[in-house]
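Report on the following structure.
The values are calculated or read from the model by the stated rules, or taken from the named source; none is laboratory data. Just so it is clear, the model here is predicted, and its values are computed rather than measured. Reconstructed Cβ throughout: ideal geometry from the backbone, glycine too, with neighbour counts over all protein chains shown.
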């Protein structure tokens, strides 16, 4: 398929990759429709293309200022065009299909013009080349010279053999060319013109062209030597032709052997490529499975670590909420005590230290009840205030009763005040009568049995504590001030008692409490040591980050090991010694490539020499 000459073609023809260093380019044989690829040839002086089937002259602008010689012989050109070459000295366009001499305005310094073996019929349009000195027009269809040469005052040599000039008047125009010293109308190689067979031809030349005659007189003496030299040249040409034929046969045989070797090599390479592709695919699949397994395992580890860290963060957040709720409960407790102290100066409240035996004893009373479920809350006594009131309010009994209260100590009660024998019964009754959000922390009055009992109620045959709570909730209490109702109950074989007071009868502080406590229900999932550790060090630990780094490093090492095993297994299957031979193989390939390149250059040089010898006159 026809195409334009490219920079790669120039590199292949010259062997030079840096086109700026090129001064001369010779391309023999090829198929190029147009010229191209000259953008980098900024120093090019001579461009020769022989037998390349060129159809147009174009794209010479990159070398327009440097090109002095352009040879486009043996092409398929039909026009002279694209010649904006102000420094061109030689233009060789012989053996083409050009019909008109035209478009030479861009070559004002042209000195040599070869247009032999074309389709010209007229000599014209040469006035733009006043410095033209050598003009070859052999083997065209020119019938007359006319005035096409009138302005070529510097013309030295005119070769016009092998045309149809038959009129002496055409030769008369040549008398006006003062520097013409060589005229060829008849040539053994190109043929003659009809005028050379006319009578008086030689006499006419002697009279009309004395300058040419003078030149011919000088060469008459060497004519015979010239003929002998031509004979010797013909002999050498025949020998060269014979040698060229032998060389051609040798080259064809070498090309054939080379082609066979190349085909065998290509087949072997294709087979080896197929084998290695299958091996690579097999090992790549195995590596992919290994990597997928590693990825799955790593993802599972990361998910597990993330899950643990998320759970730990949620647990820590829940513990912070518990601690915040405890602080709020203690603050509410302290405010209630402060208000009671201010409202009732006769009552004295002082904080019981958490490490004191008194505090530890009260805390032991809130220990886990019998038949506690594993998920039951842990009750912790946060604060205990000791209460001391006027002597008239004290009782003589030593039994302590427990009641969970709401609101301030100085306000009348809004719910029935129930004092139970155990804190667990009191807290359970409170939880039954209160909303869920009030069950986490509880304020507990610890008092002795009241001295003023309005009535006694006894309940027998209660089935459970829930029945007791139901009965207490529905118990009608007297409305008289400080009218306590003593309740004696029997649950199975256990007996107990409680004291109830109607709401609004007295302020809580008037119930003569011994202690005023605040408790907090901590979920069983949270241990007290963990809460204490969080209080001591609220900053998160960095062990998880270290664990992430260790895990990542471990899997990275396993990944590198898998890749190394893949590489070793692939080399082992490709060839046990292939890996060791790889550097030597690369050197041999480079050496073979250099040898092939050298052989190509040698063959091109030989072909150029033979072509030059065969076309030399």
Looking at (1) in a helix (DSSP H, G or I); (2) within 25 Å of residue 512 (Cβ to Cβ); (3) modelled with pLDDT of 85 or more, can you tell me which one residue 313 breaks?
(2)
Mind checking which pairs have a first residue in the stretch 227-251 that is farther than 21 Å from residue 599 by Cα and a second that is at pLDDT below 75, Cβ under 8 Å, 6 or more apart or different chains?
233/616; 237/613; 237/614; 237/616; 240/610; 240/613; 240/614; 241/614
Restricting the stretch 434-469 to residues that are in contact with a strand residue (DSSP E or B) (Cβ under 9 Å, 6 or more places away or on another chain) and part of a helix (DSSP H, G or I), the residue that is farthest from residue 495 (Cα to Cα)
467
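Select, from 304, 336, the only residue that is in contact (Cβ under 8 Å) with a residue 40 or more places away in the chain, within 30 Å of residue 531 (Cα to Cα) and in a helix (DSSP H, G or I). Break it down stepwise before answering.
Numbers: 304 fails: in contact (Cβ under 8 Å) with a residue 40 or more places away in the chain.
One residue alone meets the criteria, 336.
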Looking at (1) surrounded by fewer than 16 Cβ atoms within 10 Å (Cβ to Cβ); (2) farther than 20 Å from residue 102 by Cβ, can you tell me which one residue 159 breaks?
(1)
Residues in the stretch 401-417: is at least one assigned to a helix (DSSP H, G or I), at pLDDT 85 or above and under 13 Å from residue 443 (Cβ atoms)?
no
Say we look at the stretch 123-146 and pick out the residues that are surrounded by 16 or more Cβ atoms within 10 Å (Cβ to Cβ) and touching a helix residue (DSSP H, G or I) at 6+ places or on another chain (Cβ under 8 Å); which of these is farthest from residue 165 (Cα to Cα)?
145
Only one of 308, 386 is at pLDDT 85 or above and surrounded by 15 or more Cβ atoms within 10 Å (Cβ to Cβ), namely 386
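Sort through 583, 576 and tell me the only one that's within 49 Å of the chain's Cα centre (by Cα) and modelled with pLDDT under 75. Spell out how you get there, then give the answer.
Numbers: 583 fails: modelled with pLDDT under 75.
The match here is 576.
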Can you tell me which residue within the stretch 508-527, out of those that are outside any strand (DSSP E or B) and at pLDDT 75 or above, is surrounded by the most Cβ atoms within 10 Å (Cβ to Cβ)?
511
Verdict on residue 568 being at pLDDT below 75, assigned to a helix (DSSP H, G or I) and under 49 Å from the mean Cα position of the chain (by Cα)
no
